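These notes concern the structure reproduced below.
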Amino acid sequence: MILQNSIRNFSPIWGASLMGTGMLSVILGMVSQENGTAHIFALIFLVINILVFLVISIFWFARWILYFPDIKKDLMNPMIVTFFPTYPIGVIILAKVFLLSYGFIISTETSILIAKILWIVGSLLVVVLNFIIIAIMFIHKSINLDHATNGWLIPEIGLLMVSAIGCDLVPLFPEFIGHLLFYFCFFAFGAGFFIYLFFNTILINRYVYRELPPVAATPTIWIGLGPIGASIFAINKLAHVITKIKVLYLVFNDVRVLAEVFQFISIALYGLGLFWLILAIILTLYQLYINKMRLPYVMGWWSFTFPIGSFCAATIFLNRIFNFVLFDILAIFMFILLIFFWSITSVNTVSSILKSKPIS
């Protein structure tokens, strides 16, 4: 009975824990390429990530199969519906973790195979859910601006992560499939980025003309960092792939120039990310100390982790390209921030589970 209730009440927001843990694993994997000491921590978080993935997968699919009426109810809830892609996004991020974990536990060939399967499954779910969610939001007759939070940006984040991580897989497929995959990644980036801009306009309108969301939704403010970090990652990955395959040589005389333009654009996007990071800190402090509101623990706390991790990973990536000391400082700051939020959120989540408290 307890298990049945747990499955029935399993919130789509749980997928955010897989996203946040996955981004921490990705960052440790990136750092371990330059710092051997980080290999141990990367291995530990690889195991944690796999365990979180297995548990959430069981509950996620079981709820779709056993309690579909509850799924339909959540799909019609404008505050919850956009969190459905968090699980497949977490699956896509896990694919990247395996790509960064060659030989940690299993062979390189097996790691690549698992990464391909995870990316394909996650990408299909992300694309399908994007169409379902946006169609529902267009058809829904009772959505108003008060329902809008940065959680509405999660589907777009999914498309951007499909592109960013898919680019890593392009060279690992046969040439023809790799070219198709490259175009798919480009299309996913275009769809994700421009839909993000459209919905972000709605959200800015909501924040300007309405009160801030309820204090429990304060962590969602940080989600605004997510699509920016994912866009920087995706556009630089596309730039890298462009120089490695011949598919665009018929259109551009020198694809290296196009790749450099992409890198220039990513710096402009990074400026937007820095602005949103500072704004998120200001608004969070305003809610907690000026409005003197207490931030109760909810699953939404996981909204702190992925966006910070995404922007941190983008910072590390840009530092490898431009080798600028400011990126070093910002990467360290955001990594510490990520560890802090991941730790307190994990402790609260585990504590609530052990005490059998309902988590929303």
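Bear in mind that the values in this text are calculations on the coordinates, not laboratory data. Note that the structure is a prediction, hence the values are computed from the model and not measured. Here the Cβ positions follow ideal geometry from the backbone for every residue, glycine too, while neighbour counts run over all protein chains shown.
Points to keep in mind about this one:
- Extension gain (nm, one decimal) between residue 66 and residue 38, 0.36 nm per residue minus Cα-Cα: 5.9 nm
- C-alpha long axis of helix 154-169 to longest principal axis of the chain, angle in °: 30
- Ordering of 271-279, 160-168 by packing is 160-168, 271-279, highest average first (other Cβ atoms within 10 Å, averaged per residue).
- FRET efficiency estimate (nearest 0.05) - Cβ-Cβ, residue 244 to residue 197, R0 22 angstrom: 0.20
- For region 120-268: relative contact order, % (alpha-carbon pairs under 8 angstrom, 6 or more apart): 28
- Cα gyration tensor, region 193-232 - rounded (a/c under 1.5), prolate or oblate: oblate
- Longest exposed-site-free window of the chain, the sites being GluC sites (Glu not before Pro) in a DSSP loop that have at most 13 other C-beta atoms within 10 Å: 35-210
- Were the residues from residue 9 through residue 121 laid out at 0.36 nm apart, the gain over their Cα-Cα distance would be 37.9 nm.
- Take every Cα pair under 8 Å whose residues are at least 6 apart in sequence, average their separation, divide by the length of region 2-354, and the relative contact order is 18 percent.
- If R0 equals 30 Å, the separation of the Cβ atoms of residue 176 and residue 106 corresponds to a calculated FRET efficiency of about 0.60.
- With the simple model of a label 7 Å out from the Cα in the direction of the Cβ, residue 264 to residue 286 spans 3.5 nm.
- Contour minus Cα-Cα distance for residue 332 and residue 132 (0.36 nm per residue): 68.2 nm
- Applying a threshold of 23 Å to the alpha-carbon distances of 73/141; 72/116; 96/237; 73/355; 96/244 flags 72/116; 73/355 as lying beyond it.
- Cβ-based exposure ranking for 195, 321, in which fewest neighbours within 10 Å come first: 321, 195
- The chain - mean residue ellipticity at 222 nm from DSSP helices (-39,500 (n - 2.57) per run, n ≥ 4, rounded to 500): -24500 deg cm²/dmol
- Rounded to whole Å, the principal axis extents of the Cα atoms in region 2-354 read 54, 45, 42, largest first.
- Candidates per trypsin sites (Lys or Arg not before Pro) in region 263-331, loop by DSSP, up to 16 other Cβ within 10 Å: 292, 294
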